[in-house]
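The values are calculated or read from the model by the stated rules, or taken from the named source; none is laboratory data. The shown structure was predicted, so the numbers you read here are calculated from the model rather than taken from an experiment. So basically every Cβ, Gly included, is an ideal-geometry build from the backbone, and we count neighbours across all protein chains shown.
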């Protein structure tokens with residue numbers, strides 16, 4: 001398995017290949033469409049991430065000391081963003097995730113290119129992933 | 001066409017670029033862009049006559065007061081109100097509604113009385129009435145809309161009782177873009193002894209408003225949707241009602257004399273204008289309303305009609321699109337379109353359109369009960385102003401088709 005840093009650099013590099021924002025969106029839409037299906041019965045109130053304009057569900061399960069994330073959203077670009085995040089963090093130890101500063105998200109330039117309400121949604125997704133890791137440390 | 005180009009040049013924001021693309025501004029129902037005449041008026045007031053109104057004897061105060069009070073005359077004339085003291089300046093339509101909800105409520109609403117709002121109201125014309133009903137133990141009733149978004153006027157007589165004190169209705173819904181038959185509603189309500197408040201936030205932009213012809217008891221609107229500075233607004237109220245209503249807020253110009261043994265209040269309209277007023281903003285209503293009248297009465301109105309038919313045809317042609325707010329009579333529909341697209345989230349559409357240079361609006365549009373009525377989590381809305389062009393409408397449709405294709409993957 002790649003190290004966390006390797007996985008992050010890979011995402012940043014891939015994302016920076018697209019100059020145009022519309023192409024970046026196309027990439028995110030693609031990620032969203034290819035995200036592993038999320039079981040309907042997991043779409044519960046406690047899995048909903050608060051602070052997003054669209055609905056985002058995040059489920060975490062621990063196996064052999066590693067956290068596995070699954071997620072879904074009713075908006076496809078948001079789904080692409082959460083897919084990108086869980087692609088990096090899923091399957092890692094709680095300690096590793098909790099120790100990360102999530103600064104690679106800044107390098108993607110997503111925050112500046114999302115409207116304030118959506119940037120809040122992104123911050124909420126990150127906070128939820130981080131909080132989940134802390135609870136399992 | 002020439003004329004439209006000339007008018008567009010009066011609005012500097014329309015020449016802006018976003019992400020290297022020409023801005024196509026279609027969020028006018030939220031905030032409209034401002035003409036140079038409004039910007040100049042704001043600057044002039046900030047530089048030449050920035051002073052408190054009414055009280056001081058110095059020259060600046062005198063100029064500021066003259067600007068402010070002549071704006072009142074201008075608004076009175078624009079709405080064809082009978083008396084200048086029927087025009088109260090507020091910070092916007094929301095503040096105007098809250099003022100009426102408090103002061104009319106104090107004077108006329110008691111436990112067991114009823115208020116009616118329509119299902120298509122903006123939150124600002126729902127929540128103040130819920131708060132009033134809670135405070136007074138009154139009952140809030142709802143006049144529903146049908147599947148096309150038209151008010152169910154057939155149900156109105158059944159809702160009105162001898163306890164109904166007020167009905168609140170949007171002149172034009174900010175989601176559906178339909179012109180409500182306000183005159184008819186007023187007639188029915190008055191016959192039952194019920195007063196009527198009209199939320200004119202959208203109406204003032206698209207319709208010629210004559211409060212005496214409408215015969216409504218209150219008419220409210222915001223400045224920022226009709227080309228004026230933000231934080232400005234108007235409450236028109238029938239004089240005999242305003243006179244019987246207690247003040248909403250205390251302090252500033254609303255007093256007569258202040259004694260420990262009791263305070264008296266200023267006459268109308270100052271009674272309702274507590275605190276330092278928006279002395280740089282409110283007078284921009286004058287050039288703003290002049291611009292609104294110019295655009296409404298000029299030949300560019302024909303372009304609006306073309307935009308309406310073009311957008312409606314294109315949206316109805318697309319089987320994935322569901323348009324909310326439909327009227328057989330196009331004269332009763334303004335160029336404001338809310339819709340949903342099958343398998344496409346409104347937020348995704350707005351996000352992609354934004355990167356194409358188009359400002360639209362996605363979400364609940366401050367009308368959650370109406371979203372529930374139509375069973376959607378939100379909608380995409382594009383709202384045109386008279387300065388928008390058919391070319392922009394065509395670009396919107398092309399961009400929308402591309403966005404849908406992108407999202408379908």
note = Counting only residues in the range B:319-335 that are touching a residue at least 60 places away in the same chain (Cβ under 8 Å) and touching a helix residue (DSSP H, G or I) at 6+ places or on another chain (Cβ under 8 Å), the one nearest to the other protein chains (Cβ to nearest Cβ) is identified as B:320
key: Filter result for residue B:13 (within 25 Å of the chain's Cα centre (by Cα), modelled with pLDDT of 95 or more and more than 17 Å from residue B:201 (Cα to Cα))   = yes
ask   = So which strands (runs of 3 or more DSSP E) are wholly in the range B:90-198 and hold at least 1 residues that are over 30 Å from residue B:250 (Cα atoms)?
value = B:114-118, B:139-143
message = Checking residue B:387 against (1) within 14 Å of another protein chain (Cβ to nearest Cβ); (2) touching a residue at least 60 places away in the same chain (Cβ under 8 Å); (3) farther than 18 Å from residue B:178 by Cβ; (4) part of a loop (DSSP other than H, G, I, E, B), only one condition comes out false. Which one?
response = (1)
task = Please go through the range A:1-44 and pick out each residue that is within 14 Å of chain B (Cβ to nearest Cβ), more than 17 Å from the chain's Cα centre (by Cα), free of Cβ contacts under 8 Å to residues at least 60 places away in the same chain and part of a helix (DSSP H, G or I).
result = A:22, A:23
message = I'd like the full set of residues that are away from every other protein chain (no Cβ under 13 Å), touching a strand residue (DSSP E or B) at 6+ places or on another chain (Cβ under 8 Å) and in contact (Cβ under 8 Å) with a residue 40 or more places away in the chain, limited to the range A:50-84.
response = A:58, A:60, A:62, A:67, A:69, A:82, A:83
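Out of the residues in the range B:366-384 meeting the condition of being part of a loop (DSSP other than H, G, I, E, B) and surrounded by 24 or more Cβ atoms within 10 Å (Cβ to Cβ), tell me which one is nearest to the other protein chains (Cβ to nearest Cβ).
B:367
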key: Hey, residue B:396 surrounded by 24 or more Cβ atoms within 10 Å (Cβ to Cβ), without any contact (Cβ under 8 Å) to a residue 60 or more places away in the chain and more than 9 Å from chain A (Cβ to nearest Cβ) or not   = no
ask   = Which one of these does residue A:43 not meet: (1) crowded, with 17+ Cβ neighbours inside 10 Å; (2) within 14 Å of residue A:82 (Cβ to Cβ)?
value = (1)
ask   = Taking into account only those residues within the range A:61-86 that are more than 21 Å from residue B:407 (Cα to Cα) and surrounded by fewer than 21 Cβ atoms within 10 Å (Cβ to Cβ), which is farthest from the chain's Cα centre (by Cα)?
value = A:64
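Out of the range B:108-123, which residues are surrounded by fewer than 23 Cβ atoms within 10 Å (Cβ to Cβ) and under 15 Å from the mean Cα position of the chain (by Cα)?
If the condition is that a residue be surrounded by fewer than 23 Cβ atoms within 10 Å (Cβ to Cβ) and under 15 Å from the mean Cα position of the chain (by Cα), then B:122, B:123 are the ones that fit.
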